[in-house]
1. What are the residues whose amide H is under 5 Å from the amide H of THR19, where those residues sit 5 or more places off or on another chain and H is modelled from the backbone?
2. Mind jotting down the distance between the C-alpha centroids of segment 41-59 and segment 17-39, whole Å?
3. Would you kindly calculate the translational diffusion coefficient of segment 61-102, applying Stokes-Einstein with the Kirkwood radius from alpha carbon pairs, for 37 °C and a viscosity of 0.692 mPa s, and quote it in µm² s⁻¹ without decimals?
4. How far, in nm, would the chain grow between SER86 and VAL111 when pulled straight, counting 0.36 nm per residue and subtracting the alpha carbon separation?
5. Taking 0.36 nm per intervening residue step and subtracting the Cα-Cα distance, what contour gain separates ALA71 from SER34 on full extension?
6. Using every alpha carbon pair in segment 27-103, what percent of pairs falls into each 10 Å bin from 0 up to the bin containing the largest distance?
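Rule-based calculations on the coordinates, nothing more; no lab input. Just so we're clear, the structure is a prediction, and the values are computed from it rather than from any experiment.
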Amino acid sequence: MMKIFPRLSVAPNVAESATISQVIAGVDLLERLSPGRRGDLKTACRKVAEILGRPPDEILINLAELREQLANIMPVHYGMTPKRWSTIRCDFVGALRLTGLAEPLATSKAVLTDGWSAFLG
């Protein structure tokens, strides 16, 4: 079983009705990314929706459910290599994070110094 976005949690400010369509729309607003990168992220979102067999506007951003549904995907059944599936998963997670719909899990008990907090902010 392949781990799918194991270190993410839904961002606290995200509505329970957020969908993959909203992720795609949010990626369009990320002007700091190149058009090619935005395209890659949106393609990954659409491919995940295609694999799940539903339109992006019907798939809620429920990480537990998505994790379960995507865990046993066999890429060859969708005409993909394992490498391509890995890239799609990574890009989908990137889209979730960059749009603010998911955030990394706080698994470390380490506290950042003020200097690091300012740098990372």
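1. Answer set, sorted by chain and number: ILE61.
2. Answer, in whole Å: 13.
3. For the chosen part, D equals 296 µm²/s.
4. Extra length from SER86 to VAL111 when fully extended: 5.9 nm.
5. Computed gain between ALA71 and SER34 is 10.3 nm.
6. 18, 54, 26, 2
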